[in-house]
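The values are calculated or read from the model by the stated rules, or taken from the named source; none is laboratory data. Model, not experiment: these values are computed from the prediction. As a convention, Cβ positions derive from the backbone with ideal geometry for all residues, glycine included, and neighbour counts pool all protein chains shown.
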Amino acid sequence: MTDISALETNILADIAAASDEAALEAVRVAALGKKGSVSALLSGLGKMSPEARKTEGARINLVKEAVAGALAERRAALKEAALEARLASETVDVTLPLRAQGAAAGRVHPVSQVTDELAEIFADMGFSIAEGPDIESDDYNFTRLNFPPDHPAREMHDTFFFEPGPDGTRRLLRTHTSPVQVRTMLTQTPPIRVICPGRTYRCDSDQTHTPMFHQVEGLVIDRSSNLGHLKWILEEFLKAFFETKSVKLRFRPSYFPFTEPSMEVDVQCSRAGGEIRFGEGDDWLEILGCGMVHPNVLKNCGLDPQTYQGFAWGVGIDRLAMLKYGMADLRAFFEADVRWLKHYGFRPLDFPSLAAGLSA
Ligand code: DAH
C-alpha cells in the first residue's frame, strides 16, 4: 500500500521538477510507458486474488489518473512558459526609427526616377507604355520612318551598325525610340496613346552626349488628333514635370523625315545666376522635337492616312534629369560612382506620384 503512495509521490515530484517538455516525456515513459512503474503495478494484478485485485486495481487506476492529470497540467504550463520566453526574447519595438542601413542605403538612379515620373504624368493623361528592343532592324529604325535610302539623315545619327546578315540587311543599336512608334502602329488599332521610354545609342561622347542615352517617345494616333492637342499635352507634361504653375512654349519649324510639319520646341526659362529656372524669365531652351506623323509613316505601318492622323514627339530623358536636378555632366550618369549616386539618387521608398509629389 504504502509503496504505491510513495511511488505516486515520487512520480508527482518528478513531474513538478521536469524543466522542459523532453524531461517531462521521460517521466511519462518511466511511469506510464509499457515498461513503466505504474504499468508494472497493473500487470502485477493478474497474480492477485480477485478480492485484492479489485481494491488494488482501483487504487492503481487512481494513481494512473492522478499521474496523467499532473502530466497534462505540467505540459500545458511548460508550453506556456516556452511561448512567454520566446515572445520576450523576440520582441520587436515597432516604434523604433529605421536603421540608416539596408533599404535606406540604396538609391534609385536619376534616369530611373525621371522615367517613373514620366510614366506617372502620362498615365494620368491616359497613356500606356510601349517598349521595343535595343537591337533594331534598319527597316524599323529608318526605312519605315520615311528616311530615304542613302539620305544623310541616316548618317547624322552616328549609328552603331552590326555586320550585315545572310540576307544582306544590317541590324543596329536603335538611334532613337521612334522605331517603337512603328512597332506600336503595326500591332495596335487606333486610338493609340503611348509613351516609349528606353535606351538609345549613337557614336558620340562629350559633356552632354554619351554613346548610350535615354529617350522617351510619345505617340498619339486618332481620327482627328491635331497640333492643338500636342501643344496642350506638352504644356501639361512640362508643368507637371518641372512642378511649375505655368510654362510658355515656342514652336520652331524643323525637319524630321517622320513628321510633317516638324517642329522643335523651346521652353521659356530664366538663366539668372547661371541657374536654369522654368516658368519665368525671357530666355528659351530647346527641349524636344515633335510633329504630325508623316502620311508615309502611317502607310508604312499599315494605317490609312485618309482615316488616321496623329502626332509624335521625342525627348532626351537624361537631359530632362539634368535640367530638373542640376547635374552638369552627362557622362557621370553612367560611371557607376557610388558617391555620385548617393548624392543625386532617390530614396527607393519614395515613389513619384502626382498627389504626393513627383520628386519627393
Ligand atoms: N527621333 C528624334 C531624334 O532622336 C526625336 C523626335 C523628333 C521624335 C520628332 C519624334 C518626333 O517622335 O516627332 O532626334
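Specify which of the listed residues (L349, L341) is of a type in the set (A, V, I, L, M), away from the ligand (no atom under 16 Å from the Cβ) and crowded, with 17+ Cβ neighbours inside 10 Å.
L341
Which condition number in (1) within 16 Å of the ligand (Cβ to nearest atom); (2) under 22 Å from A119 (Cα atoms); (3) in contact with a Pro (Cβ under 7 Å, 6 or more places away or on another chain); (4) not small (G, A, S) is the one that V267 fails?
V267 satisfies all of (1) within 16 Å of the ligand (Cβ to nearest atom); (2) under 22 Å from A119 (Cα atoms); (3) in contact with a Pro (Cβ under 7 Å, 6 or more places away or on another chain); (4) not small (G, A, S) except (3).
If you go through the range 307-327 one residue at a time, do you hit one that is under 15 Å from F237 (Cα atoms) and surrounded by fewer than 13 Cβ atoms within 10 Å (Cβ to Cβ)?
No; the residues of the range 307-327 include none that is under 15 Å from F237 (Cα atoms) and surrounded by fewer than 13 Cβ atoms within 10 Å (Cβ to Cβ).
Going through the range 257-283 one residue at a time, which ones are under 16 Å from V315 (Cα atoms) and either modelled with pLDDT under 95 or in a strand (DSSP E or B) (or both)?
Scanning the range 257-283 gives T259, S262, M263, E264, V265, D266, V267.
So is T187 at negative phi, away from the ligand (no atom under 16 Å from the Cβ) and without any contact (Cβ under 8 Å) to a residue 60 or more places away in the chain or not?
Spelling it out, T187 is indeed at negative phi, away from the ligand (no atom under 16 Å from the Cβ) and without any contact (Cβ under 8 Å) to a residue 60 or more places away in the chain.
For the range 277-293, give me each residue that is more than 16 Å from the ligand (Cβ to nearest atom) and crowded, with 18+ Cβ neighbours inside 10 Å.
Hit for the range 277-293 is F278, nothing else.
Any residue in the range 195-209 that is more than 33 Å from the chain's Cα centre (by Cα), surrounded by fewer than 17 Cβ atoms within 10 Å (Cβ to Cβ) and over 20 Å from C290 (Cβ atoms)?
There is no residue in the range 195-209 that is more than 33 Å from the chain's Cα centre (by Cα), surrounded by fewer than 17 Cβ atoms within 10 Å (Cβ to Cβ) and over 20 Å from C290 (Cβ atoms).
Under 7 Å between Cβ atoms, which residue pairs at least 6 apart in sequence (or on different chains) link something in the range 331-353 that is over 20 Å from L118 (Cα atoms) with a partner that is part of a helix (DSSP H, G or I) and among the aromatic types (F, W, Y)?
Matching pairs, first to second residue: A332/W340.
Mind counting the residues in the range 205-253 that are within 14 Å of the ligand (Cβ to nearest atom), free of Cβ contacts under 8 Å to residues at least 40 places away in the same chain and of a type in the set (F, W, Y)?
Summing the residues that are within 14 Å of the ligand (Cβ to nearest atom), free of Cβ contacts under 8 Å to residues at least 40 places away in the same chain and of a type in the set (F, W, Y) in the range 205-253 gives 1.
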